[in-house]
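To keep things clear, I will list the structure first and then write my remarks on it.
Coordinate-derived values only; no laboratory data. Everything quoted here is computed from the prediction, not taken from an experiment. FYI the Cβ positions are ideal-geometry reconstructions off the backbone, even for glycines, and counts take in every protein chain you see.
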Amino acid sequence: MKLTISLTLLIGVAATFAHEGHGDESQMPLDYVRFPYQAQYPGDDTVVTADSIFSGITTFAKLPWVQCLGKNKVEAFDIAFIGAPFDTGTSYRPGARFGPAGIRAGSRRLTLYGGYNVPLEVNPFFSGLKIVDCGDIPVTPYDNHHAIQQIENGHRELLHRGPFSPLGNDSITGEPLVPISKDGKHHPRVITLGGDHTIVLPILRSIYTAYGAISVIHFDSHLDTWKPKVFGGAPSSQAAINHGTYFYWASQEGLIKNGSSIASHGAIRTTLSGPTDYENDDNSGFQRIEAREIDTIGQCSLPGLMYAHSLGSDQVGTDGIIKKIREVVGDKPVYLSIDIDSIDPAFAPATGTPETGGWSTRELRTILRGLDGLHIVSADLVEVAPAYDTNAELTTMAAADVLFEVLSVMAKTPLGKVKN
Ligand SMILES: [Mn+2]
């Protein structure tokens, strides 16, 4: 046990030094002790007095809060968390407007022991990147059209701010990296806390301004590419834009890379209006991974041959899912959208439209770690509606831990490539 802990600490120290080029430790967290477990009271000359993880103002993972939006706000960062408290595009249970606050509450413990991600061998909070919590985008609950514009404007303002850290050099060749964006600029990353899934339409409009049409990895129990007439009946043009149709509109607007199997849903298990929903999904540019494939992927369907010996271990279970996603997305810039309902309601009950038969939190986290090395330009976690959670904060904790994996993957791979 002791040996394991020492080794872990050693690896942590090594990772710290490897990233020292990004800047000094004081970047993170700002005006705060490095990690809440170091909090001391009364403070002395070297340690800032701070709250413990269960007290004080709650930000994501107790990161420093920065007022990023507004006139003359110029704070630079590398990764920003921002809330989009919008839930008036929901078809069943409302309440995701409280999602950002709920996820932050569920994330308080993330840095209790220091925040080192053992399987990914990185501490995102101590990677040299400047990571902040920007609070929430002001979103009106009275006018969806206006709210969607507010979300786009807020996201775009953050996305087009110059990042805090330079791109740096390629870890293997040592050559300087150049941005992978379409506008040729180096952009920071934004992790949006939803909000219902409608918020992804304005976010993708924002992403388009930097990256053009983007590949999407979408984890969800639902398609969300439904035609408005099928989902909600579209009694008005505004009602046609909701949390079941936003990907249809994103596809219609050319925001998603279409036509060459580039985007991928995972965890699908919804009922449909009929098989044509899958055809419509195909037309929106998505490949599908159904939730139940985690039990069958890579396996022979012949009776008695359920576990085909000829297949490598990287083609079954979570590894099989990871392989399929990576084959579809390749090394293109990719946007990651995670609906908490991709996880089974046994683990994450507090969501707008729960579906049984989903993946466990462990399985989704494993799959997310399997995205290590991909160029994830920004991400979101949506549909957390804390009012339906248990007193044990099951859902908000799962949401925060899922985002910890996303943050770790992001911290490991800069958004750059070697010029060819
Ligand atoms: Mn969804």
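Miscellaneous remarks
- Separation of the GLN67 and THR140 label points, Cα + 7 Å toward Cβ, nm: 2.2
- Rounded if a/c under 1.5, otherwise prolate or oblate - segment 126-175, Cα gyration tensor axes: prolate
- Three-way shape call for segment 71-142 based on the alpha-carbon gyration tensor, with the a/c threshold at 1.5: oblate
- Average projected area [Cα convex hull, segment 180-234], square nanometres: 4.8
- Among the chymotrypsin sites (Phe, Trp or Tyr not before Pro) in segment 120-151, those located in a DSSP loop and surrounded by at most 16 other Cβ atoms within 10 Å of their own Cβ are TYR142.
- Label point 7 Å beyond Cα of VAL178 along Cβ direction - residues of segment 334-359 with amide nitrogen under 20 Å: 334
- Based on alpha-carbon atoms, the Kirkwood radius and the radius of gyration of segment 152-255 give Rg/Rh equal to 1.08.
- With neighbours defined as other Cβ atoms within 10 Å of a residue's Cβ, the residues PHE347, PHE86 order from fewest to most as PHE347, PHE86.
- Length gained on full extension, ARG109 to ALA239, computed as 0.36 nm times the residue gap minus the Cα-Cα distance: 42.9 nm.
- Residue order, fewest to most beta carbons within 10 Å, for LYS130, LYS185, LYS71: LYS71, LYS185, LYS130
- Net lengthening on full extension, ASN283/THR413 (0.36 nm per residue, minus Cα-Cα): 43.7 nm
- Cα gyration tensor shape for segment 306-420, rounded if a/c is under 1.5, else prolate or oblate: oblate
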